[in-house]
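Below is one structure; the comments refer to it alone.
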Amino acid sequence: MNNKMKAAVLAVSLTVLAGCSSTPASLDRKALAANKITAIDLSSPEKITYTKSQAAARTASMTGFGLLGAVVAMGVDGAVNMNRAKLLDPIIKGMGNFNTNEVFKRKLATIKGPSFAPGLKVSGYTVPVESKLNVLNVTTGYVLSANHQVVAVSALAKIKTSEKAPVYSRRFTENSTIETGRKEGEKLNVTEWLGKNPAKLRQAIERGMDAIVRKIALDINTGTPAAK
């Protein structure tokens with residue numbers, strides 16, 4: 001490794017460490033209670049997606065296979081992802097008009113507490129947007145695990161309460177297991193089963209959504225170390 005490369009690696013490492021050690025902005029909940037949130041901007045896809053494969057690329061990077069190895073690894077991951085997308089397609093079709101953006105909008109609108117005004121207005125977008133002051137910005141994602149047995153729901157909540165206040169942000173995650181009713185030792189092709197039982201996938205997604213909404217409400221209203 002030459003000196004320039006070493007310097008670049010060091011600079012990146014210091015940047016990462018600085019980001020990890022920085023103290024996140026706090027939220028003045030007393031001020032927020034006096035000037036309650038009346039609106040939420042939601043950026044969310046309309047459909048669940050699959051877990052992206054990066055295993056080959058990570059292996060190539062860690063073992064130092066060079067440019068050719070990286071290209072081959074990208075091809076391997078690309079083939080895996082094409083197959084995962086193909087397997088997910090009939091499952092998505094089986095879910096009909098289930099729109100994750102619309103469903104999560106309705107759930108966010110039910111949030112109550114000292115930081116939120118009654119009758120929340122929730123606007124839905126499929127791409128990230130920049131929110132106005134005192135508008136809660138929520139960006140979400142819904143990912144089906146590679147074995148099609150768990151739905152991972154994630155959300156990034158951000159708010160800037162005033163011109164002088166820093167942006168407050170928290171990330172939340174929830175893994176929701178799909179209830180197949182499979183008995184111990186029983187073999188089951190979960191992918192085929194989901195195509196015939198889309199309601200079970202919807203239920204898992206909504207359980208994850210409900211958990212995320214509770215975490216957001218607790219954090220914005222009172223703060224909670226349990227949120228992650």
Of the residues in segment 1-52, those that are farther than 30 Å from Lys112 by Cα, open to solvent by 90 Å² or more (accessible area, probe 1.4 Å) and modelled with pLDDT of 50 or more come to Lys52
By my count, strands (runs of 3 or more DSSP E) wholly in segment 92-184 with at least 1 residues that are free of Cβ contacts under 8 Å to residues at least 12 places away in the same chain, more than 22 Å from the chain's Cα centre (by Cα) and more than 20 Å from Glu46 (Cα to Cα) are 116-125
Only unsatisfied item for Thr222, checking (1) more than 29 Å from Lys86 (Cβ to Cβ); (2) of a type in the set (Ser, Thr, Tyr); (3) open to solvent by less than 30 Å² (accessible area, probe 1.4 Å), is (3)
| said: Tell me yes or no: at least one residue of segment 153-175 is farther than 21 Å from Val122 by Cα, among the polar types (S, T, N, Q) and either in contact with a Leu (Cβ under 6 Å, 6 or more places away or on another chain) or surrounded by 14 or more Cβ atoms within 10 Å (Cβ to Cβ) (or both). | reply: yes
In segment 189-219, residues that are modelled with pLDDT of 90 or more, among the acidic types (Asp, Glu) and surrounded by fewer than 18 Cβ atoms within 10 Å (Cβ to Cβ) total 1
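The values are calculated or read from the model by the stated rules, or taken from the named source; none is laboratory data. Nothing here was measured: the structure is a model prediction, and the numbers come from that model. A quick note on method: Cβ atoms are made from the backbone with ideal geometry, for glycine too, and the neighbour counts reach across all protein chains shown. The accessibility values were calculated without ligands, DNA or RNA, using every heavy atom of the protein model including side chains. Shrake-Rupley method; radii C 1.70, N 1.55, O 1.52, S 1.80 Å.
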